Each structure stands twice: as structure tokens, then as C-alpha cells.
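First up is the structure itself, then whatever we jot down about it.
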Amino acid sequence: MMTAPLSVLLIEDNSSISANIADYFSQQGAVLDFAIQGQQGLQLALQHYYDVVVLDLMLPVMDGLTLCKALRSQANRHIPVLMLTARDTLDDKLHGFACGADDYLSKPFALPELWARCQALARRPLPPAYQVRVGELLLDKKSRQISRQGQLLLLKPIAWQILSLLMESHPRPMSRTELCRRIWGDEPTESDALRSHLYQLRKVLDQPFPKPMLKTLHGVGFSLELSSDD
């Protein structure tokens, strides 16, 4: 089975280091986005889906430690962060981990090791996030409840699973194939089963409210659309 390419956000203001990482990672099949200052990197990390963020600490506008803390407080999912820095004392590393880093690699470094660490972070089970907020929606995993504008949505189990998957994936769309695999695994299901559950989900999620959130992206899959206020 083909796997999706590793999606990496590289936040690094040294153009030479950034180019070397980009060349090596691209050869391994990764897809990269780039930021050269902290505020830009934070905005990209919050607006798009990445498997890993590679983060330099000495950045203009917003330093890497501040960025990592902001990402942990504002993101609706745990995004693996590998800090990349010339600061290599034990206190520096402990400070980085305290700010929310998942891994720490000192400069200079070997590109194959950086690649291996990013792959390991992408495969690592994520820590549990008991609440996920996407616009008007709030998912509480402990109670297995989802509300919109504070109103509890009475969802059947499969519809609940679809919506929770879309919330955790947001803003990345999920394809029909990915949804079916995440819900039913390798067990065969009727071709129209997902369509039926999506129909039931729309009745509860969208019909009672002024603006629909469940969006079909033809040829791509499904996503949640937020209002301009969100």
C-alpha cells in the first residue's frame, strides 16, 4: 500500500541550512513548506496540516521557544515539533522540552539523522487531547460528545466518528477512501454506506443551523468549512 508523503514545515532563517534540508528531504519524497521568521511559521502551522515541524530557535520576529509554546496553546491537535539549534547544553534541551518540543537535534547535524527523527515523530502515537475545538464545534473525547454553538449534537456512532475524524484532521480534507479505512479498517462495506452516514451527519450538524459546515470537495474528499468569524 502506498503511504502519503511526509508533510514537513521547516521554520529556519538560515537559507543555506534550509536549502540543504529541502534538497535531502525532497529526495526522500517529503513535501515541505517554509518559513523564515517565527510569526509566519506559527501561522502556517495553525492553518495547514503537517506531520512534523522542524523549528530553529533563533528566529526573527518570534523566537522558536515562544513559537512552540504558542503552538501548543492554540493548535487543535498535537503537532510533532523537532527543535533544531546550536544550543546544546542540558539546560537548553530541558528548556526546549518544557516549551513543548518532542525532539531536539543540535547543529551541526547529519541530514539522514534529521530525516530519521522526523519519520519517527510522524509515526509516534500522539498524546491524548481530550477536547478539540474547530470553529463552532467542540469535541469532548471523555464524554464522547460533540456540540455546536453549545448545543449538543445527537449523533449515531458512525456519524460521530466521521465528524470527530474531520475535526482532528482540520484544516486538511479527508478522502472517501481514508474515511472508510479509518472507520471500517480492512473490513468490506457497502459502497453507499459512507454516503448514507454523511447524509445522517448533515441532518444533525447542518440543517438546524444557518450555515452548513460539512463541505464536499469534488475529487478530493470532505472537510469542515468555518465561518469568516472563526
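The values are calculated or read from the model by the stated rules, or taken from the named source; none is laboratory data. Only a predicted model underlies this, so the values are computations on that prediction, with no experimental measurement involved. Because the Cβ atoms are built from the backbone with ideal geometry, glycine has one as well, and the counts that use them run over all protein chains shown. Quick note on the areas: whole protein, heavy atoms, side chains included, nothing else; ligands and nucleic acids left out. Shrake-Rupley method; radii C 1.70, N 1.55, O 1.52, S 1.80 Å.
Side notes on the structure shown:
- Qualifying residues in the stretch 153-177 (those that are small (Gly, Ala, Ser) and more than 23 Å from GLN74 (Cα to Cα)) - the one most open to solvent (accessible area, probe 1.4 Å): SER175
- Scanning the stretch 80-127 for residues that are among the hydrophobic types (A, V, I, L, M, F, W, C), part of a helix (DSSP H, G or I) and either open to solvent by less than 70 Å² (accessible area, probe 1.4 Å) or more than 14 Å from LEU57 (Cβ to Cβ) (or both) turns up LEU90, LEU111, LEU114, TRP115, ALA116, CYS118, ALA120, LEU121, ALA122.
- Residues of the stretch 40-49 that turn out to be free of Cβ contacts under 8 Å to residues at least 40 places away in the same chain, over 18 Å from ALA19 (Cβ atoms) and either touching a strand residue (DSSP E or B) at 6+ places or on another chain (Cβ under 7 Å) or surrounded by 15 or more Cβ atoms within 10 Å (Cβ to Cβ) (or both), as a count: 3
- Taking the numbered list (1) in a helix (DSSP H, G or I); (2) modelled with pLDDT under 90 in turn, MET2 passes all entries but (1).
- When residues of the stretch 17-36 are limited to those that are open to solvent by 30 Å² or more (accessible area, probe 1.4 Å) and hydrophobic (A, V, I, L, M, F, W, C), the one nearest to MET62 (Cα to Cα): ILE36
- Test: residue in the stretch 76-95 that is without any contact (Cβ under 8 Å) to a residue 12 or more places away in the chain, over 24 Å from SER169 (Cα atoms) and polar (S, T, N, Q): yes
- Selection from the stretch 55-73 of residues that are open to solvent by 60 Å² or more (accessible area, probe 1.4 Å) and under 23 Å from LEU6 (Cβ atoms): ARG72
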